[in-house]
Structures are given as structure tokens and as C-alpha cells.
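The values are calculated or read from the model by the stated rules, or taken from the named source; none is laboratory data. This structure is a prediction, so every number in the text was calculated from the model and none was measured. Every residue, glycine among them, receives a Cβ derived from its backbone with ideal geometry; neighbour counts consider all protein chains shown. For the accessible areas, the whole protein counts, side chains as well, though only heavy atoms, and no ligand, DNA or RNA atoms are used. Shrake-Rupley method; radii C 1.70, N 1.55, O 1.52, S 1.80 Å.
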Amino acid sequence: MNISAMTHRERVLKCLNHEEGDRIPIDLGGWLCGLKPTAYDRLCKYLGIRNEGTTGFTPCEELLQRWGIDFRRVTPKGPPDRRRTMPDGSVMDDWGVVRVYAAGDDQITHFPLENATIEDLKTAAEPDPTLPWKYAQAREQALQYRARGFAVVAQPNCQGVFEQANWLCGFERLLTDIMADPDFTRALFEKITRNQERFAKDYYGTVGDSVDIVQLGDDFGTQNCPFISDEIYREMIRPYQMRYHAAIRAGTHAKLFHHSCGSVYRLLKSMIESGIQILNPVQLSAAEMDADRLKAEFGDRLVFHGAIDVQKVLPVKSPREIREEVRRVIRALAPGGGYILAPSHNIQDDTPPENIVAMYDAAVEFGSYPIRG
């Protein structure tokens with residue numbers, strides 16, 4: 001099967017414009033659809049690929065070329081001493097959040113604003129945008145990828161306002177304060193948003209003309225419903241989110257990609273109105289996230305990225321069942337363009353390599369346009 005009738009970027013741009021190219025774009029890699037360390041090592045060994053010096057979040061070219069992966073990512077690198085390693089091996093970031101890392105995962109052990117007052121926010125730690133971030137290096141890498149025909153995704157080094165606030169205060173306090181202490185919540189969101197705006201001015205002002213997608217993330221959903229109502233989202237979060245989007249838009253016309261796990265169906269209309277154009281990871285196993293329903297209601301306004309389930313499909317189904325699931329999802333989401341096939345988050349360590357191969361082989365087999373029923 002010919003998987004290169006168009007360049008990767010041409011194929012992706014067709015998809016982003018809700019048009020059918022030669023086949024659906026396929027993605028693997030990055031922070032949101034990569035492979036956990038053991039899964040990556042086992043997959044490369046299974047395929048006989050040497051992967052020294054690479055990770056499942058920046059996979060080796062031989063693996064990416066095997067399935068014609070259409071995307072490459074750039075991320076600004078910061079000063080080497082910006083994070084502090086604590087005596088117990090945990091790491092403190094620029095915001096004062098402390099994490100422990102193991103097997104490709106992290107766990108927050110200290111929420112620096114868990115007991116903060118509104119006055120404490122004035123002096124609370126935050127990233128310094130004046131440090132020598134290597135934005136020009138990211139642009140040079142993006143231009144090299146584009147010259148090779150790839151679609152380029154700009155990964156930022158900052159999180160969405162809601163999730164960053166959760167990391168600073170803890171979920172319990174933030175979800176309580178949104179209702180019980182909105183003044184503190186707005187002051188915290190303001191602090192985060194101003195930092196995002198300063199970052200966006202420098203980063204996207206430098207890389208903006210060399211990238212096709214801007215990757216953003218803010219988890220709004222649980223398995224069963226959103227963390228917050230649509231009314232609270234529109235009142236308390238969306239104004240700050242839209243300011244960040246405006247700061248990005250000042251530097252680039254790239255499409256805005258938004259990551260949120262879980263059930264976010266009830267928020268999608270408002271999220272689209274905020275400027276979001278690509279939804280990831282399309283967690284079909286969550287409540288209300290039916291592929292046919294999503295395509296019918298939002299397929300003319302959203303590009304769907306992901307949808308191959310990493311919880312209940314990839315780790316436990318047989319290769320034959322995975323093949324059929326990939327075909328089912330493509331039939332639902334791909335007609336008319338607007339679907340990028342990828343896992344519904346990072347592929348977990350307990351996923352058999354033959355299942356990963358079945359997924360991507362099926363993407364190539366069934367992803368050619370026109371999609372057959």
C-alpha cells in the first residue's frame with residue numbers, strides 16, 4: 001500500500017481543513033501519544049529496531065518511518081539549572097511543585113499553594129520568562145522538519161490554567177475554592193495567565209511561522225463527567241484560557257490543539273467557542289464520548305486526534321480485535337477529513353508489542369480515502 005502519495009504536511013493540512021487527503025494522518029510520540037519506557041523498549045526489540053539515545057516520547061526515526069508517522073514535535077529547552085533536585089531525589093519545578101518520578105510517571109508530593117492566602121500569591125514562585133530559553137533552537141528544528149515534509153507540532157513548557165492551578169493548590173482546594181472563594185481562584189488564575197502570556201509572546205513569536213499545530217493541555221474530565229459544569233467553565237476558566245489563546249494567536253496561525261482526558265462532551269461547544277480546533281485524546285471509553293455522536297455534532301468544527309483506547313483496548317484485546325476497533329473508529333471519525341489516528345494517551349507499559357503493531361498496521365490498511373464502510 002502506498003502511504004506517501006502526499007507529503008506528510010500536505011496530508012495533515014488537508015485533515016485540519018476538514019478535507020480528505022490520500023489517507024488519514026497518523027501520530028506517535030510527544031507527551032500525549034508516546035510510549036512509556038518499557039512499552040517502547042519491548043516494541044523496538046520486537047521489531048528488531050535499535051533505539052539507543054531515544055525514548056517513547058521522542059521515538060527513533062526507524063520506528064516513525066515504519067508507519068509513515070506524519071508529525072514531528074519541537075519543545076523549547078530551558079536553562080539546565082532551572083529545576084532543583086531535592087535530597088530525597090524528588091524534583092521541584094519553577095512553580096515550587098515537587099514531584100517524584102518513576103517508570104515514566106510522576107506523582108506530586110508537595111502543592112506549594114495548598115494553604116496560601118491571596119496575599120501569598122504576590123510572592124509565590126513562578127517561572128522566569130527572562131531566562132535564556134532556547135526558542136530560536138526550537139524554530140531551527142521546526143524548519144528542518146518542515147523541509148523534510150513533516151507537519152510540526154509546538155509543545156509548550158507550560159500547562160493550562162485549570163490544571164496548573166490544581167498542581168499548585170491540589171484538586172480538593174481548587175475545586176472547593178472555585179465556588180467558596182472565587183476571589184482567591186481568580187487571583188491565582190490571573191497569576192498563571194500572565195505568566196502564560198509572557199511565555200507565549202516569546203515562544204510563539206519565534207516559532208510561530210514554522211509550526212502547524214500548537215499543543216495545549218488542561219484536563220477537564222473525569223471518566224464519568226467533567227470536573228466542572230459548563231457554566232463554571234464559561235465563567236471562571238474560559239476568560240483566562242481565551243487570553244492565553246489570544247497571546248498565542250499574536251505569534252502564529254497554527255491550529256490550537258487541546259488535550260483533555262475523560263468525559264468532556266458537555267463542555268465541547270464552549271471549548272470550540274474559546275478557539276480550540278483539535279480535540280485530544282478523544283477518550284471513547286469515558287461517559288458520553290461516543291464516536292458517532294461526536295462526529296455528527298462537532299465534526300465540522302473539531303478535528304479529532306486519538307481515540308484508540310489505551311485502557312480497555314490496547315493492553316487487553318487481541319491483535320485481531322484491535323484491528324477491528326481501529327477500523328470501527330476510522331469509519332466513524334475519518335469520513336470528510338478531520339481525524340488523526342493516535343492512541344488515546346501514552347501507550348502503557350503493560351501493552352504487548354504485537355498489539356501496538358496491530359494498531360498501526362490497521363491504521364495504514366484501513367486509513368486510505370475514500371473510507372469504505
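Structural remarks
- Calculated [θ] (222 nm, deg cm²/dmol) that DSSP helices of n ≥ 4 give over the chain, each run adding -39,500 (n - 2.57): -11500 deg cm²/dmol
- If the segment from GLN144 to ILE49 were pulled out straight at 0.36 nm per residue, it would be longer than the present Cα-Cα gap by 31.8 nm.
- Annotation: Cα Rg of region 153-312 relative to the compact-globule expectation 2.2 N^0.38 Å equals 1.02.
- The C-alpha atoms of region 278-373 occupy a region whose extents along the principal axes are 35, 28, 17 Å, arranged from largest to smallest.
- Part-to-part distance (alpha-carbon centres) for region 140-209 and region 49-64, which is given in Å: 28
- A simple spin-label model places the labels of THR176 and ALA296 4.2 nm from each other, with each point 7 Å out along Cα-to-Cβ.
- Over the C-alpha atoms of region 241-327, the Rg to Rh ratio, Rh being the Kirkwood estimate, stands at 1.04.
- According to the Cα-based calculation, Rg over Rh for the chain is 0.95, with Rh computed by the Kirkwood formula.
- Computed from the C-beta positions of LYS134 and ARG83, the FRET efficiency with R₀ = 25 Å rounds to 0.95.
- The alpha carbons of region 96-158 stretch over 50, 32, 17 Å along the principal axes, in descending order.
- Residue among PHE257, PHE199, PHE171 with the largest mean-square fluctuation in a Gaussian network model of the chain, springs linking Cα atoms under 10 Å: PHE171
- Theoretical FRET efficiency, 1/(1+(r/R0)^6), r = Cβ-Cβ of GLU365 and THR58, R0 25 Å, to 0.05: 0.40
- Placing pseudo-labels 7 Å out from each Cα toward the beta carbon at GLU288 and HIS18 gives an inter-label distance of 2.2 nm.
- Beta-bridge orientation, the chain: approximately 35 percent antiparallel, per DSSP, counting only bridges with both partners inside.
- Normalised by 2.2 N^0.38 Å, where N is the number of residues, the alpha-carbon radius of gyration of region 257-306 equals 0.97.
- Separation of alpha-carbon centers, region 102-132 and region 217-285, rounded to whole Å: 22
- The lysines whose alpha-carbon is closer than 16 Å to the alpha-carbon of LYS45, local same-chain residues fewer than 8 away aside, are LYS36.
- For region 1-158, the fraction of 1.4 Å probe accessible surface lying on carbon and sulfur atoms is 51 percent.
- Projected onto its three principal axes, the C-alpha set of region 5-103 covers 54, 34, 18 Å, listed from the longest axis down.
- Note on region 94-218: Kirkwood hydrodynamic radius from all Cα pairs is 16.2 Å, rounded to one decimal.
- Charge dipole of the chain (Cα centre as origin; +1 on each Lys and Arg Cβ, -1 on each Asp and Glu Cβ, all else neutral): 1060 debye, rounded to the nearest 20.
- Accessible carbon and sulfur surface of region 240-353 relative to its total accessible area, %, 1.4 Å: 51
- A simple charge model with +1 on the Cβ of Lys and Arg, -1 on the Cβ of Asp and Glu and nothing else charged puts the dipole of region 34-165 at about 780 debye relative to its Cα centre.
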